[in-house]
Amino acid sequence: MSKKIAVFLAEGFEEGESVFVIDILRRAGFQCDSVSIKEEMVKGTNGIEVKADKIVSDDIKEYDMIVLPGGQPGATNLRDNEQVVELVKYFDKTPKKLIAAICAAPIVLEKAGIIKGRKMTSYPSEKYTELFKEANYEEDIVVIDDRLITSRGPAATLPFAYALVDVLGGDSGALKERMLYNLVRESNY
């Protein structure tokens, strides 16, 4: 059975941190749906409008992973949505469920009350590191703490997405090779 992943979209989401994650997870053979917290059409932080596959509902509880992209005010809109916060709490307390957040989106994890004593990272802004003082904040590009995966920001999207593939049981090595990721790491750009 294929793993199912829901990538949440809220008005002002970071386009790269969501669309590229969806793309990579689908390339890896997983069912990955974009899930809007309000309406079918969602505008990103840079004005790119995306049609969501689904609207958030309790059906998301059947998924294996939820992914929270950053961007502003997207991450704040996710944090302020009680249904999203409740789903994060549900995924945290349910064995084998995974939670991933990148950039500013760990503010949702903080609001859900699930960061105390956990290793995590986020966008490297003082306001975020101060916000996450209950967590063990790390400077790594991707931090995995059991079933919680966090990452830094837009430029970290590829390593973040490949880490999600691995955590879900896929083969990121072959995918990196097909996508020429090794060439990017060797480039001066």
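The values are calculated or read from the model by the stated rules, or taken from the named source; none is laboratory data. Everything numeric in this text was worked out from a predicted model, so none of it was measured. Ideal geometry is used to build each Cβ from the backbone, glycine not excepted, and the neighbour counts take in all protein chains shown. Please note that ligands, DNA and RNA were not included when accessible areas were found on the heavy atoms of the full protein model with its side chains. Shrake-Rupley method; radii C 1.70, N 1.55, O 1.52, S 1.80 Å.
Answer with yes or no whether SER18 is polar (S, T, N, Q), in contact (Cβ under 8 Å) with a residue 40 or more places away in the chain and in contact with a Leu (Cβ under 8 Å, 6 or more places away or on another chain). Yes; evaluated as a whole, the condition is true for this residue.
Of everything listed in (1) small (Gly, Ala, Ser); (2) buried (at least 20 other Cβ atoms within 10 Å of the Cβ); (3) not in a helix (DSSP H, G or I), the single unmet condition for ALA75 is (3).
Filtering TYR128, TYR189 for residues that are hydroxyl-bearing (Ser, Thr, Tyr), surrounded by 12 or more Cβ atoms within 10 Å (Cβ to Cβ) and out of contact with any Lys or Arg (no Cβ under 9 Å at 6 or more places or on another chain) leaves a single hit, TYR128. crowded, with 16+ Cβ neighbours inside 10 Å, assigned to a helix (DSSP H, G or I), at pLDDT 95 or above and of a type outside the set (Ser, Thr, Tyr): does that describe GLU17? When the stated conditions are applied, GLU17 passes them. Only residues in the stretch 91-113 that are on the phi < 0 side of the Ramachandran plot count as the first member; pair them with residues that are open to solvent by 30 Å² or more (accessible area, probe 1.4 Å) and in a loop (DSSP other than H, G, I, E, B), Cβ under 7 angstrom, at least 6 apart or cross-chain, and list the lot. Listed pairs, sorted by first residue: LYS97/ASP64; LYS97/ARG147; LEU98/ASP64; LEU98/ARG147; ILE99/ARG147; ALA104/GLN72; ALA104/TYR123. Looking across GLY29, GLY47, one residue alone is farther than 21 Å from THR76 by Cα, at pLDDT 95 or above and either in contact with a Ser or Thr (Cβ under 6 Å, 6 or more places away or on another chain) or outside any strand (DSSP E or B) (or both). It is GLY29. Tell me, yes or no, whether the stretch 81-99 has at least one residue that is farther than 28 Å from GLY169 by Cβ and of a type outside the set (S, T, N, Q). So far as the stretch 81-99 goes, yes, one or more of its residues are farther than 28 Å from GLY169 by Cβ and of a type outside the set (S, T, N, Q).
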